[in-house]
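K.L.:
First, the structure itself, so that you have it in front of you.
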Amino acid sequence: MRQLFKTFKVAFQAINKNRSRSLLTVLGIIIGVAAVIMTISAGEGANKEVQDQISGLGTNLVMIFTKMEHRGGSHVRMGRPIDKRDFDILQKNAVWISKMSPLVNVGVQAAGPNGYKPTIVYGVNHEYFDILSRELALGDFFKEDDVKTANKVCVIGETTRKELFADLDPIGRQIRIDKIPFTVVGLLKEVGQGAMGQDQDDVILAPYTTIQDRLYGHRRGYDMIMASALDENSVANAKIEVSELLRESHQIRPFEKDDFDVMTQVELQEITGNITGILTTLLGAIASISLIVGGIGIMNIMLVSVTERTREIGTRLAIGARESDILTQFLIEAVVLSLAGGILGTVLGIIGNQVIYKLTNFYIPTAPYSIMIGFGFAALVGIAFGYFPARKAAKLNPIDALRYE
Amino acid sequence: MANKKVIETKNLSKVFKNGDIEVHALTSINMVIEVGEFVAIMGASGSGKSTLLNILGCLDKPSEGDYYLDGVHVNKLNKNELAAIRNQKIGFIFQSYNLLSRTTALENVELPLVYNRTGKFLNPAAHAKMALEKVGLGNRIYHKTNELSGGEQQRVAIARALVNDPAIILSDEATGNLDSKASIEVADLFVKLNDQGKTIMMITHEPEIAQFAKRMIYLRDGRILTDEPIKNRSTKESALLELGLTVS
Ligand SMILES: Nc1ncnc2c1ncn2[C@@H]1O[C@H](COP(=O)(O)OP(=O)(O)OP(=O)(O)O)[C@@H](O)[C@H]1O
Ligand SMILES: [Mg+2]
């Protein structure tokens, strides 16, 4: 123990003697650790934002859709689509569900007095706004009557408004969706960009009846049903109930699998969490490569250092250092260097996160575990890449080392 | 009663093999060195002086023969035990000083104690300071090696060889890189240390320096040619006088 402490001191002296070279050596580690911390934190930040958004959807949310499967590169529908009959059955029988809205979406060309843009029209009913707790900036939502009579009215998002109306007040004005005139009755409150980069304000919401009649062409059924469970605690029950009702409605026999999916907000969170988790791991792994490169840098410098200090090593051996003393000395040097790199890299990474926040407004909370990973990796790299040069030093023959020019 | 033997060799031989070529660097060396002796080793270049000293210093192993250092049968020791014996029983001095660069005299002298595991030297700095004072460098303790003259550096090296209170000090041409005056200073230092009871063995090329010792072993082709006491030993004064210099 005492011996180890003394060896530490010796290692520190050696590093201190070559300060500028030591700093250059650790540069690779500094950058590597900073990169690991920043990428992992960015991944975590993105994940958190996605999760927040999904939470924003409402904890009671239950989504019901037709099961799709990838076949030959395209989505293929498995079995019967969710349709009006399903909707009616659920509405009539599901006791755990409070609100429901069909959802159909169509890609369209929208034109207003000041411009046009390709966008997506969502066909929904009046309860949709409640289910997703969307709020209005101007005007009003469309009403149950509008849905019943398939009125050509719509509520638009801020991005859509900007493109189609510029400075004009959109309420009461007409836009043409695939050449069909719709009257704008409401403007949604801006919610900003989604975490995946999609613009949540780039939407048009219209009664699904109207969309089905006018724009949906030959397609049958709904893309999905959005529903609200009675409260947070009834979500699981709602899911079971919906599944049972739909199996009945779709006449699925007991041994057959569902031909629809019911997903709750929690499940959605889990799935996206998995996706962003994979993304984060991938990014972190790529960043780790730079750490390994940094480690090779350390090994390189340590090898040079061993050669340069051959006589010193010879002297130490002649004076009574054991091989293990020399080995630990050089190992400690490598580890101290990489840990110093780890510390500086952590600082740099945290600063980097702040800078990104200042520049892009994308808030990245520095994930504590990213610091641990960066640090641990740095230490590991130090040991792994320091070991070879250290061993080389320890195995030197003292007489040859003393004679080394 | 005979004095205690510090070094005893029995039929010590060393053969270097380089492929097919065999170099018989040492052949049947038998010698005994007792406590308090001051031995000079001389001989032509290539006569095996350094080879002998490396073996005596436990840096190298003999090809044949036995070596006892301070009663320990060195042949039987493993690597770590050899390191320990170098650390505790031997003080090595080299021609090229071999100090740590850009490091203070004090830290250099402390170095053997860093590797000392006996727990005998609890305050390395104090021991190192004492050793530096013994070699007359009490006022250079915190100088870095590159701030010292060659003679001073060699004295730091001598202090380093002293600090662990070794059974014997082995010096391989300690004065080889120094001018005559500095060489005499170093030789005189050896005499003083010997007077204080240190056992010293030094290789030298220079007869004037060898003349400071009490006994001279002359090697030729790896064998001991002569081994006799030195009559009319030099002193610092006589050596300086010979150089035409006066005592400063
Ligand atoms: N590692 C080695 N491999 C092969 N031969 C060696 C080795 N070391 C020494 N020798 C040979 O052994 C012989 C004695 O060498 P040594 O270094 O002991 O001489 P020396 O008396 O110290 O000479 P000098 O006064 O020049 O230092 C020489 O012929 C030398 O070439
Ligand atoms: Mg020699």
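The values are calculated or read from the model by the stated rules, or taken from the named source; none is laboratory data. This one's a predicted model, so the numbers in the text were calculated from it and none came from an experiment. Note: ideal-geometry Cβ built from the backbone for every residue, glycine included; neighbour counts use all protein chains shown. For accessibility, only protein heavy atoms count, side chains too; no ligands or nucleic acids. Shrake-Rupley method; radii C 1.70, N 1.55, O 1.52, S 1.80 Å.
K.L.:
Being out of contact with any Lys or Arg (no Cβ under 9 Å at 6 or more places or on another chain) and without any contact (Cβ under 8 Å) to a residue 12 or more places away in the chain: is that true of B:ASN116 here?
P.N.:
Working: out of contact with any Lys or Arg (no Cβ under 9 Å at 6 or more places or on another chain): yes; without any contact (Cβ under 8 Å) to a residue 12 or more places away in the chain: no.
Considered against the rule, which asks whether it is out of contact with any Lys or Arg (no Cβ under 9 Å at 6 or more places or on another chain) and without any contact (Cβ under 8 Å) to a residue 12 or more places away in the chain, B:ASN116 comes out as no.
K.L.:
Here is a follow-up. Output the number of residues of segment A:223-236 satisfying the condition of being touching a residue at least 12 places away in the same chain (Cβ under 8 Å) and open to solvent by 60 Å² or more (accessible area, probe 1.4 Å). Spell out how you get there, then give the answer.
P.N.:
The first filter runs over segment A:223-236 and keeps only residues touching a residue at least 12 places away in the same chain (Cβ under 8 Å), leaving A:223-232, A:234-236.
From what's left, open to solvent by 60 Å² or more (accessible area, probe 1.4 Å): A:230-232, A:236.
Qualifying residue count, segment A:223-236: 4.
K.L.:
Can you name the residue in segment B:201-248 that is farther than 16 Å from B:GLU173 by Cα and acidic (Asp, Glu) and, of all such residues, is least open to solvent (accessible area, probe 1.4 Å)?
P.N.:
B:ASP227
K.L.:
Any residue at all in segment A:385-395 that is at pLDDT below 90 and open to solvent by less than 10 Å² (accessible area, probe 1.4 Å)?
P.N.:
yes
K.L.:
Sticking with this structure for a sec: Counting just the residues of segment B:66-84 that are in contact (Cβ under 8 Å) with a residue 24 or more places away in the chain and open to solvent by 10 Å² or more (accessible area, probe 1.4 Å), which one comes out nearest to the other protein chains (Cβ to nearest Cβ)? Break it down stepwise before answering.
P.N.:
Residues of segment B:66-84 that are in contact (Cβ under 8 Å) with a residue 24 or more places away in the chain, as a first pass: B:66-71, B:82-84.
After this cut, where a residue has to be open to solvent by 10 Å² or more (accessible area, probe 1.4 Å) as well, the list is B:66, B:68, B:70-71, B:82, B:84.
Numbers: B:ASP66: 20, B:TYR68: 19, B:ASP70: 15, B:GLY71: 18, B:LEU82: 9, B:ALA84: 7 Å.
Filtering first and then ranking leaves B:ALA84.
K.L.:
Tell me which of these A:GLN251 doesn't satisfy, since it passes every other one: (1) without any contact (Cβ under 8 Å) to a residue 60 or more places away in the chain; (2) in a strand (DSSP E or B).
P.N.:
Evaluating A:GLN251 over (1) without any contact (Cβ under 8 Å) to a residue 60 or more places away in the chain; (2) in a strand (DSSP E or B) leaves (2) as the failure.
K.L.:
Quick test for you: out of B:SER63, B:SER96, pick the one residue that is small (Gly, Ala, Ser), within 16 Å of ligand 1 (Cβ to nearest atom) and within 17 Å of the chain's Cα centre (by Cα).
P.N.:
So the residue among B:SER63, B:SER96 that is small (Gly, Ala, Ser), within 16 Å of ligand 1 (Cβ to nearest atom) and within 17 Å of the chain's Cα centre (by Cα) is B:SER96.
K.L.:
In addition: Is it true that B:ASP165 is crowded, with 17+ Cβ neighbours inside 10 Å and either within 16 Å of ligand 2 (Cβ to nearest atom) or among the charged types (D, E, K, R) (or both)?
P.N.:
Details: crowded, with 17+ Cβ neighbours inside 10 Å: no; either within 16 Å of ligand 2 (Cβ to nearest atom) or among the charged types (D, E, K, R) (or both): yes.
The answer is no for B:ASP165.
K.L.:
Here are B:ILE184, B:ILE158: which of them is within 23 Å of B:PRO124 (Cα to Cα) and away from ligand 2 (no atom under 16 Å from the Cβ)? I'd like the intermediate steps shown before the answer.
P.N.:
Values: B:ILE184 fails: within 23 Å of B:PRO124 (Cα to Cα).
Step by step, each of B:ILE184, B:ILE158 is checked, and only B:ILE158 is within 23 Å of B:PRO124 (Cα to Cα) and away from ligand 2 (no atom under 16 Å from the Cβ).
K.L.:
Test A:ILE298 against the criterion of being part of a helix (DSSP H, G or I) and open to solvent by 20 Å² or more (accessible area, probe 1.4 Å), and give yes or no. Write out each step before concluding.
P.N.:
Working: part of a helix (DSSP H, G or I): yes; open to solvent by 20 Å² or more (accessible area, probe 1.4 Å): no.
In short, no.
K.L.:
Name the one entry in B:GLU107, B:GLU133, B:GLU152, B:GLU147 that is over 20 Å from the mean Cα position of the chain (by Cα), away from every other protein chain (no Cβ under 13 Å) and acidic (Asp, Glu). Quick ask: steps written out before the conclusion?
P.N.:
Values: B:GLU107 fails: away from every other protein chain (no Cβ under 13 Å); B:GLU133 fails: over 20 Å from the mean Cα position of the chain (by Cα); B:GLU152 fails: over 20 Å from the mean Cα position of the chain (by Cα).
Of B:GLU107, B:GLU133, B:GLU152, B:GLU147, the one residue that is over 20 Å from the mean Cα position of the chain (by Cα), away from every other protein chain (no Cβ under 13 Å) and acidic (Asp, Glu) is B:GLU147.
K.L.:
Another question, then. Please pick out the residue among A:SER324, A:SER338 that is buried (at least 23 other Cβ atoms within 10 Å of the Cβ), of a type in the set (Gly, Ala, Ser) and either more than 13 Å from chain B (Cβ to nearest Cβ) or part of a helix (DSSP H, G or I) (or both). Working first, answer last.
P.N.:
Working: A:SER324 fails: buried (at least 23 other Cβ atoms within 10 Å of the Cβ).
Within the list A:SER324, A:SER338, the selection yields A:SER338.
K.L.:
Scan segment B:46-57 for residues that are outside any helix (DSSP H, G or I), within 11 Å of ligand 2 (Cβ to nearest atom) and touching a residue at least 40 places away in the same chain (Cβ under 8 Å) and jot them down. Break it down stepwise before answering.
P.N.:
Restricting attention to segment B:46-57, the residues satisfying the condition of being outside any helix (DSSP H, G or I) are B:46-48, B:57.
If we keep only those that are within 11 Å of ligand 2 (Cβ to nearest atom) too, we end up with B:46-48.
Of everything in segment B:46-57, those that are outside any helix (DSSP H, G or I), within 11 Å of ligand 2 (Cβ to nearest atom) and touching a residue at least 40 places away in the same chain (Cβ under 8 Å) turn out to be B:SER47, B:GLY48.
K.L.:
Only one of these is at pLDDT 95 or above, more than 16 Å from ligand 1 (Cβ to nearest atom) and not hydroxyl-bearing (Ser, Thr, Tyr): B:LEU111, B:LEU106. Name it. Quick ask: steps written out before the conclusion?
P.N.:
On the way: B:LEU111 fails: at pLDDT 95 or above.
Among B:LEU111, B:LEU106, only B:LEU106 is at pLDDT 95 or above, more than 16 Å from ligand 1 (Cβ to nearest atom) and not hydroxyl-bearing (Ser, Thr, Tyr).
K.L.:
What about A:ILE399, is it at pLDDT 85 or above and part of a helix (DSSP H, G or I)? Break it down into steps so the answer makes sense when it comes.
P.N.:
Numbers: at pLDDT 85 or above: yes; part of a helix (DSSP H, G or I): yes.
Yes; evaluated as a whole, the condition is true for this residue.
K.L.:
Condition first: within 16 Å of ligand 2 (Cβ to nearest atom) and either within 14 Å of another protein chain (Cβ to nearest Cβ) or on the phi > 0 side of the Ramachandran plot (or both). Can you find one or more residues in segment B:2-23 that meet it? Lay out the reasoning, then the answer.
P.N.:
Here is the first cut: in segment B:2-23, the residues within 16 Å of ligand 2 (Cβ to nearest atom) are B:14, B:16, B:23.
Now narrow it down to the ones that are either within 14 Å of another protein chain (Cβ to nearest Cβ) or on the phi > 0 side of the Ramachandran plot (or both): B:14, B:16.
Scanning segment B:2-23, I find at least one residue that is within 16 Å of ligand 2 (Cβ to nearest atom) and either within 14 Å of another protein chain (Cβ to nearest Cβ) or on the phi > 0 side of the Ramachandran plot (or both), so the answer is yes.
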